[in-house]
Every structure is written in C-alpha cells, then in structure tokens.
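Report on one structure; see the data block that follows.
Read-outs: derived from the displayed coordinates by stated rules, not from any lab. The model shown is predicted, which means the values in this text are computed figures rather than measured ones. Using ideal geometry, Cβ is built from the backbone for each residue, glycine included, and neighbour counts are taken over all protein chains shown.
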Amino acid sequence: MIGSSPPAVPRPSRCETARARVPGAASGYSPGVPTHTEPLDHEVEPARLDSDRDRDELRERYYGLLQELRVVVPGVLVLVAFQLTAPFATHFQQVDDTGQALYGVALTLGVLAVIAFVTPAVLHRFGDRTARSARLSLSIGATRIGLVLFGLSLIFSLAVVVRFLFDPTWSTVLILITVVAMVTMWGLIPRFVHDDPTDREHDRVAR
C-alpha cells in the first residue's frame, strides 16, 4: 500500500548476539572447548566441560544417558528376576556343584549390574547439583561397568543352562558363539563407528 511503512525486521536479542560472537556458544560449549567448527566436537570428554558455562551441554548428555538406561535396565531386571527364582524350581537340585557355582557367580554379577545401572539416577537425584561434569563422568563410568557385569552375568547364566541341557562339546560351542557375538557387537563395532568430517563440512556449508 502506498505510504505504508516497511515491515519491521526483528532485531536479535543480546543472547543471540553474544552467541554469534563467541565460537561454539550456540552449541552449548564454553569458548575454550572444541565445537562443531573444529574436528573433535563429539569427542570432548565430560571432564573438559565446565559445570557452569557448559551446563546445557552437560544436561543434554546426562538426560541422553538416562534415556539409554531406560532401555537397558528392564532387560537386566528381567534377567535378575529369573535368577532369583531359579533355586525354587523343581529341577534346580539336579544341577551339579559346578553349575550351582556358576549360578552363584551369575546372580551376583546380575545384582551388581543393577546397582551400577541405577547409580546415574542416584547421582542425578542426590549428588551435588553444581557438580555436573563430575556427575556425568561418574555416571558414564558406572554405565560401562554395568554393561560389563551384565554381559558376564549373561554368559555365566547361559553356561548353567547349556551345561544342564547339552553335552560338554555343544555347551562349549554355544558359549563361545555368545562370547564372540557379545565382544563383536558391544566391543568391536562401536570402535569403528566414527563421524565423517566430510559430511560435517558439507552440512556446515549448506547451513
């Protein structure tokens, strides 16, 4: 319309202006930490993040870890529940001494895995709220320990069952297959999963 003023262009807020000046501020990192503009943005250890300046990044990682535990913990609890009820089964007395010893190890490892997996939630609820970096580092360590304990508990539980059902040869084969699959899926494959710097550069140019 003739005589009408042009639409007003919204001005950026002070926070947005400050983030534009400071590299990495928009991604939640403090100025001294590598960001998406540098090669190692996803490899920054929690201990290098500041509990105050990087609170958003630490909070996002912590909540992501808790979401992962929501997927893992139910499976661990089901395994331990079956382990706890096994001695009351009718045929449990037919398990030999070695099998019962393996069962005891499996049960103990399963309970320890539950304790390790619950530790991040305990730290989140009862830990120092300002020690965000330390809580995240401890939680990641506890989760890794829990995965190892859970894997060992699975192996020992399997050993009890296959020794009861099959001859020693088949028992050994089944246990070895399980160990190889677990080491491959949980240990080796994650080592080969890396971000492609070329794709990250293309995404940055596109933006």
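Structure notes:
- Note on the stretch 55-191: dipole from Cβ charges, positive end direction compared against A101, V179, T143; the farthest Cα belongs to T143.
- Computed from label points 7 Å out along Cα-Cβ, the spacing between T130 and V183 is 4.7 nm.
- Between E68 and T172, the FRET efficiency estimated from the beta carbon spacing at R0 = 25 angstrom works out to 0.15.
- With contacts taken as Cα pairs under 8 Å and at least 6 residues apart, the stretch 55-191 reaches a relative contact order of 28 percent.
- With a cut-off of 15 Å between beta carbons, the residues surrounding G146 carry a summed charge of +1, where Lys and Arg count +1 and Asp and Glu -1.
- For the stretch 55-191: rounded, prolate or oblate by the Cα gyration tensor [a/c cutoff 1.5]: prolate
- Highest average first, the peptides 79-85, 132-138, 117-123, 68-74 ordered by how many other beta carbon atoms sit within 10 Å of their residues are 132-138, 117-123, 79-85, 68-74.
- Highest average packing first - 149-159, 163-173, Cβ atoms within 10 Å: 149-159, 163-173
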